[in-house]
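Where a number appears in this text, it was derived from the coordinates with a stated rule and is not lab data. Nothing here was measured: the structure is a model prediction, and the numbers come from that model. Positions of Cβ are backbone-derived with ideal geometry, glycine not excepted, and every protein chain shown enters the neighbour counts.
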Amino acid sequence: MSILVFIEHKNCVLNKASLEAVVAAQSIGKDLGLKVSAVIPCSQDCALVQEISQYDLEKVFVAKNEKLNIYTPDAYADAWEHIIKQTNPNYVVMAHTYQVRDFAPKVAARFGKELVGDCIRYTNNGGKLTLTRRIFLGKLEADVTIEGAAPYFVTFQAGAFRGDNAEKGSSQIETIEVEVKDLRMTPEEPFQEAKASVDLSKSNIIVAVGRGIKSQENIAVAQQLADALGADLAASRPICDAEWLPIDRQIGSSGQTVAPKVYIALGISGAIQHIVGMKNAGTIVAINKDAEAPIFDIADYGIVGDLFEAVPTMIEEIKKAKG
Amino acid sequence: MKIIVLMKQVANKDAILRVSSDEKWIDESNISHQTNESDGYALEESLRLKEANGEGEVVVCTLGAQSAKTVLKDALARGADRAIHVVVNEPNKLSPYQIAKTIADAIRDENADLIFTGLQSDDASYGQTGVILAELLGIPNATIVIDLDRESLGDSLRLKRELESGWYQWFTYKLPALLTIQSGISQIRYASLKGIMAAKKKEIRDVMPEFDNYASAQKIEKVYLPLKTKQTQMLGGGDVKKGAVELVEKLKTEVRVL
C-alpha cells in the first residue's frame, strides 16, 4: 500500500514543483495511511538522490538506465512502467509540469488509466479522494472522483501545496535498473531562446496587459500608467505571441514568475497559465470588463469596466497624489 | 503524406457560463461556441506543412454533437481536404481515456503519418487526449510543440518543444507521430470566399461509435463557481471612473505605494 511521487530534474538539479508534489503525497499518505516513496529517473550517480533522501519518505527509488540521461517521453514512460509494475502503488503523484504533461498520460494509458490532472486540492471522503480541478479556463471548479482499481494517477498544479512544508526525515535509497526500449525520438540540448533582458522578478510594481488592450497602439495607455506609478510593464501570453510586447515581458508558466508588491492586471482574464506566474504578488488589482473573469478570484481590488475609462482617471489621480 | 487534425468545439471564450441543473457540467443551451483555440493553430500548422511539402492530405476530425459540424466546415473552408465526425451527443460525459479510445477506433485505419491536436481544450482542459491516443495507436508523442522544421520532413520530423520558464528543446521524431500544438505557433489564416465555396463539395463522414464499458473513468461529481481564496474589494459599483479614483486612494492609504 503506497504512493509514488515523481522527482523531476534537469541535469540532477531539482525542479522545485516536485517538492510540492512530495508535500501533496505526504499529506495524502497521512490521510489514507499509505507510505510514500520517491522516484528519480537518472542515468548517473545523481547528486539529487542524497538531497531527496533527507525527506520523510519510505524509499527513494533511482530508476537507472543510460537512456534516461536526457529526457524523452519514451524513456520516461518505459522507466515508470517498470517501477509501477515492480512496486504496485495505489497512487502516483506528480507536479503538473510541462514534462509531466508530456509523459504521464502515456504511462497511465499503459495501465488502461488516465490522469486526474492539474488538481488544486483534494479532500478525503472515507478513504477515497475527491480531487478538485479548474475547468473552463479557471471560470469553474469541478470535484472529481476516480473509479476502478489502483493505480490512480494524480497531478497537482504549481502552488497547490507549499514545497517548504515537505517533512524531513530519512529514507532508504534503492537503485532499480529499468528496461528502456528503442527511443522513437532524438533530443537535442535544451536552450534558452533569448536571455530575459528584463528581470521582472525584481520589480516593485508591475502593470500587466492582456487581450483587453485590443491593439498594439493601446499599449501606450498602459505604459503611461506604468510611468506614473514607476512600474514595469508586463503582459500575458497572447500579447507577446502577437509581438505587441517582447517575450521577455511575458508573465506565466511559459514566461517569468513574479511576486511584486503590487500587480495591476489590465484586461487580463486570468487563465491558469498566467495566474501561476503572478499569484504571489502582495496586492493584486484587476480591471476587466467581464465580471466573471477568474482574475477577480485572486484580486484584492477589482474594477469591472472598460480599462480605457479607468486608466486615464487613475493616471490623473496618481499625479495628484504624488503632488 | 496524410495529416489528421483533431479539433474540438468548446464554449465561446466570452460566454457567460451557468452551471447545469444537475451540477455536473455547464448549461449548454443558449451559449455560443467556437473552435478550441489551440486546435485552430494545429490546423494552421498542418496546412503549412502540407503546402511546404507540395503534396498531401489534411483530414480534420472532431468528436462531438451535431453542432460540432461547424468546426469541421470552418476547417474545410480554411483548406482541410475532408472531415470525419465522430458523433457523440454529450462528449462531456466521456473521460479522456474514453475519448482517446473512441477517436483511436475511428481513425486507426487512416494510417496517418502525422496527427496534430491542440495542447488542451479550453473547457474540460484534460490535456491528455492526444498523448493517450498516441499510446493507443502505438506511435510516439510530442506535446506543447511551438515550431516545426518543415524542411526536415521525411521519414522523420524535427520539432521544437516549449519547456518552462523560457526554455526550448528540439527533437527529431520518427513518423508516424502525434504532436500537440501550442497556441501562437503561427498566424492563423482566414477562410477565403473561394475556400468557403469549395468546402461545400468536401466530404464529411459521420462515424457512430460504440462504447466499451470503461471502469477507470474520472467522474465529475459537482461543478461550481471557484471558492474565493481572497476577499476582493470591488470598487466603483459600476462607475468605472469612480472606481479608478477609489483605487488610487487605496493604493495610497492601504497599499502605501504612492
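Could you work out the Kirkwood radius for chain A, taking every pair of different alpha carbons, averaging 1/r and inverting it, reported in Å?
21.5
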Checklist entry - Between region B:244-258 and region B:54-98, what's the alpha-carbon centroid distance in Å? => result 50
Checklist entry - Roughly what percent of Cα-Cα pairs across region B:1-123 reach past 23 Å? => result 30
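Please give the charge dipole size of region A:2-177, origin at the Cα centre, charges +1 on K and R Cβ atoms and -1 on D and E Cβ atoms. Round to the nearest 20 debye.
Details: 19 positive and 21 negative charges, 72 e Å.
That gives region A:2-177 a dipole magnitude of about 340 debye.
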Item to check | Peptide ranges B:160-170, A:137-147, A:214-224, A:297-307 listed from the most packed, as the mean C-beta count within 10 angstrom indicates | outcome: A:297-307, A:137-147, B:160-170, A:214-224
Item to check | Rounded, prolate or oblate (a/c below 1.5 giving rounded, otherwise prolate when a/b exceeds b/c) for region B:196-258 by Cα gyration tensor | outcome: oblate
Next on the checklist: Please compute the modelled spin-label separation between A:K128 and B:E90, points set 7 Å along Cα→Cβ, answer in nm with one decimal.
Outcome noted: 1.9
Checklist entry - Hey, with R₀ at 30 Å, roughly what FRET efficiency would B:D147 and B:M1 work out to, going by the Cβ-Cβ distance, to 0.05? => result 0.95
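With r defined as the distance between the Cβ atoms of B:T229 and B:V19 and R0 fixed at 25 Å, what FRET efficiency is calculated, to the nearest 0.05?
Here the calculated transfer efficiency is 0.80.
I'd like the mean, over residues of A:126-136, of how many other protein chain beta carbons sit within 10 Å of each residue's own Cβ.
Numbers: counts 0, 0, 0, 0, 2, 2, 5, 5, 2, 12, 13.
Average per residue, whole number: 4.
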Item to check | Unit charges at the beta carbon, dipole of the protein assembly as shown: most positive-side option, A:T87, B:S95, B:A106 | outcome: B:S95
Checklist outcome for this item: The answer for the per residue Cα convex hull volume of region A:1-57, in Å³, is 66
Checklist entry - What's the center-to-center distance, using Cα atoms, between region B:183-203 and region A:130-200 in Å? => result 37
Checklist entry - If you take the charge dipole of the protein assembly as shown about its Cα centre, with +1 on Lys and Arg Cβ and -1 on Asp and Glu Cβ, which of A:Q50, B:N36, A:Q192 is farthest toward its positive end? => result B:N36
Checklist outcome for this item: Cα-Cα pairs in chain B separated by more than 32 Å, as a whole percent of all pairs, come to 32
Checklist entry - Can you give the average number of partner chain beta-carbon atoms within 10 Å of each beta-carbon in peptide A:144-151, as a whole number? => result 4
Checklist entry - Distance in nm between label sites at A:E147 and A:Q44, each 7 Å beyond Cα in the beta-carbon direction? => result 4.8
Checklist outcome for this item: The size of the Cβ-based charge dipole (Lys, Arg +1; Asp, Glu -1) of the protein assembly as shown about the Cα centre, to the nearest 20 debye, is 820
Checklist outcome for this item: Restricting to Cα pairs under 8 Å and 6 or more apart, the percent relative contact order of region B:100-140 works out to 54
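Going highest first, how would you order B:243-255, A:229-241, A:111-123 by mean Cβ packing within 10 Å?
Sorting B:243-255, A:229-241, A:111-123 by mean packing, highest first, produces A:229-241, A:111-123, B:243-255.
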Next on the checklist: With angles folded into 0 to 90 degrees, how steeply does helix B:69-78 sit against the dominant principal axis of chain B? Use alpha carbons for both and round to 10.
Outcome noted: 70
Checklist entry - Against the longest principal axis of chain A, how steep is helix A:17-32, in degrees 0 to 90 to the nearest 10, with axes from Cα atoms? => result 60
Checklist outcome for this item: Checked region B:72-176 with the C-alpha gyration tensor, a ≥ b ≥ c its square-rooted eigenvalues, rounded below a/c of 1.5, otherwise prolate if a/b is larger than b/c and oblate if not; verdict prolate
Checklist entry - Which whole number gives the average, over all residues in A:174-187, of C-beta atoms from other chains lying within 10 Å of the residue C-beta? => result 3
Checklist entry - Quick one: of the DSSP bridges fully inside region A:77-223, what percent are antiparallel, nearest 5? => result 60
Checklist entry - Semi-axes of the protein assembly as shown's equivalent ellipsoid from the Cα gyration tensor, sqrt of 5 times each eigenvalue, largest first, rounded to whole Å? => result 36, 32, 24
Item to check | Shape of region A:200-322, Cα gyration tensor, a/c cut at 1.5 | outcome: rounded
Checklist entry - Which order do peptides A:68-76, A:269-277 fall in by mean Cβ count within 10 Å, highest first? => result A:269-277, A:68-76
Checklist outcome for this item: So the number of lysine pairs in region B:1-142 with alpha-carbon atoms under 30 angstrom apart, 8 or more residues apart or on different chains, is 28
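How big is the charge dipole of chain A about its Cα centre, in debye rounded to the nearest 20, if each Lys and Arg gets +1 on its Cβ and each Asp and Glu gets -1 on its Cβ?
Numbers: 33 positive and 41 negative charges, 86 e Å.
Charge dipole, chain A, about its Cα centre: 420 debye, nearest 20.
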Item to check | Scattering curve values for region A:238-303, log₁₀ I(q)/I(0), Debye with Cα scatterers, q = 0.12, 0.21, 0.22, 0.24 Å⁻¹ | outcome: -0.27, -0.84, -0.91, -1.06
Checklist entry - Count the lysine pairs in region A:1-82 that are 8 or more places apart or on different chains: how many have C-alpha atoms under 18 angstrom apart? => result 4
